[in-house]
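Novice: So that we are looking at the same thing, I have put the structure below in structure tokens.
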Amino acid sequence: MRIHLQRDIEKLKRRLLVLSTEVEEAVRQSIRALAERDAALARQVVEREIQTNSMEVDVEEDCLKILALHQPVAGDLRYIIAVLKMDRDLERIADLAAHIAERGLALFELPALDIPFRLDEMGVKVQAMLKKALDAFVSLNTEAAHEVCAMDGEINAIKKDTFRQVRQAVMDVPQKFDPLMQVMHISRHLERMADHATNIAEDLIYLVEGRIVRHTPEVTGSMKGK
């Protein structure tokens, strides 16, 4: 029975790795499309969301199958629970990548803004957070996971700065309201991506250390969603 459990867990790990790679690429392409004003690439991101959703369902079904057939305990049970939670976070990140692509498509049709927003910087940091979180999960590196949690505060600070800029710009140039709103929404989507990357890091800490740290400011280094 133990051999069958480990075989199914290894299969699950492979599925999770493929899904993680797919989501990471969707994020990379959505941010690149935004930076380069590449409408064709943005449409590709939107279209690939269907595939990502299907992969997320496959991972969830594998987890439920393992729980039903093998009734894992201790570390194996924690791993399945962590994967189930990570699977949902990856699905939400893919959704957000598609939302950013859609906002980008809308933004490309509007007059360009000459305001130095920090979306490029934010995008680079979010990609770094996601990569570090996924690598940490694969290698069970809790030190890297704690670093991801600490990075979330940087993203929140940039989002707040962007919102401040948008608010001021709306008052100064109200005729640019539509593109400014797209910028605000993109900033929010990037901030939510960072939150989900932090969730993945926190789930790894739970997996390895058996501790739930999402409501521990000194561990997470930030207040998510603020």
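The values are calculated or read from the model by the stated rules, or taken from the named source; none is laboratory data. Predicted model only: the values in this text are computed from it and were never measured. Counting neighbours? That spans all protein chains shown, and the Cβs are built from the backbone with ideal geometry, glycine included. In case anyone asks, the SASA skips ligands and DNA or RNA and just uses the protein heavy atoms, side chains included. Shrake-Rupley method; radii C 1.70, N 1.55, O 1.52, S 1.80 Å.
Novice: Take residue 77 and residue 168, extend 7 Å from each Cα along the Cα→Cβ direction, and tell me the distance between the two endpoints in nm.
Specialist: Modelled inter-label distance: 5.4 nm.
Novice: From the helices alone, meaning DSSP H stretches of at least four residues, give me the mean residue ellipticity at 222 nm for the chain, per-run term -39500 (n - 2.57), in deg cm²/dmol to the nearest 500.
Specialist: Details: 7 runs with 191 residues, N = 226.
-30000 deg cm²/dmol, from helical runs alone.
Novice: Shape of the stretch 34-144 from its Cα gyration tensor (a ≥ b ≥ c, root eigenvalues): rounded if a/c is under 1.5, otherwise prolate when a/b > b/c, or oblate? Spell out each step's value before the answer.
Specialist: Values: a/c = 4.35, a/b = 1.97, b/c = 2.21.
Because a/c hits 1.5 or more and a/b fails to exceed b/c, the stretch 34-144 counts as oblate.
Novice: When the dipole is taken about the Cα centre of the stretch 1-135, and only Lys, Arg (+1) and Asp, Glu (-1) are charged at their Cβ, what size is it in debye, to the nearest 20? The partial results should precede the final answer.
Specialist: On the way: 21 positive and 25 negative charges, 107 e Å.
Approximately 520 debye in magnitude.
Novice: Now for a different question. Roughly how far apart, in whole Å, are the Cα centres of the stretch 19-76 and the stretch 93-144?
Specialist: Here the answer is 15 Å between Cα centres.
Novice: Ok, one more. When all protein chains stay in place, what accessible area (Å², nearest 10, 1.4 Å probe) is found for residue 187?
Specialist: Counting only protein heavy atoms, residue 187 exposes about 0 Å² to solvent.
Novice: Right, something else. Can you compute log10 of I(q)/I(0) for the chain with the Debye formula, treating each Cα as one identical point scatterer, at q = 0.08, 0.10, 0.13, 0.15 Å⁻¹?
Specialist: -0.32, -0.48, -0.76, -0.95
Novice: Strictly over 31 Å apart at the Cα level, which of 85/176; 85/125; 65/160 would you flag in this model? Each step should come with its number before you reach the end.
Specialist: Numbers: 85/176 40 Å; 85/125 23 Å; 65/160 43 Å.
With Cα atoms farther than 31 Å apart: 85/176; 65/160.
Novice: For the chain, what relative contact order do you get, as a whole percent, if you take Cα pairs closer than 8 Å and at least 6 residues apart? Write down the numbers at each step before the final one.
Specialist: Details: 281 pairs, mean separation 55.6, N = 226.
Over the chain, the number comes to 25 percent.
Novice: Tally up the carbon and sulfur contribution to the accessible surface of the stretch 1-127 as a whole percent, 1.4 Å probe, everything protein left in place.
Specialist: On the way: 3590 of 6570 Å².
Its accessible area is 55 percent carbon and sulfur atoms.
Novice: Additional query: With a probe of 1.4 Å, find how much accessible area the chain has per residue, and write the answer as a whole number in Å².
Specialist: Numbers: 11100 Å² over 226 residues.
Per residue, the chain has an accessible area of 49 Å².
Novice: Considering the options 40, 64, 5, tell which one lies farthest towards the positive end of the dipole of the stretch 1-104, charges being +1 on Lys and Arg and -1 on Asp and Glu at the Cβ, about the Cα centre.
Specialist: Value: 5.
Novice: Is the C-alpha gyration tensor of the stretch 69-116 telling us rounded, prolate or oblate? Criteria: a/c under 1.5 is rounded; beyond that, a/b larger than b/c is prolate, otherwise oblate. It would help to have the intermediate numbers written out before the result.
Specialist: Details: a/c = 12.04, a/b = 4.12, b/c = 2.92.
Here the stretch 69-116 falls in the prolate category.
Novice: Another question, if that's okay. Take the alpha-carbon positions of the stretch 1-69, form their convex hull, and give its projected area averaged over all directions (one quarter of the hull surface) in nm².
Specialist: Value for the stretch 1-69: 4.6 nm².
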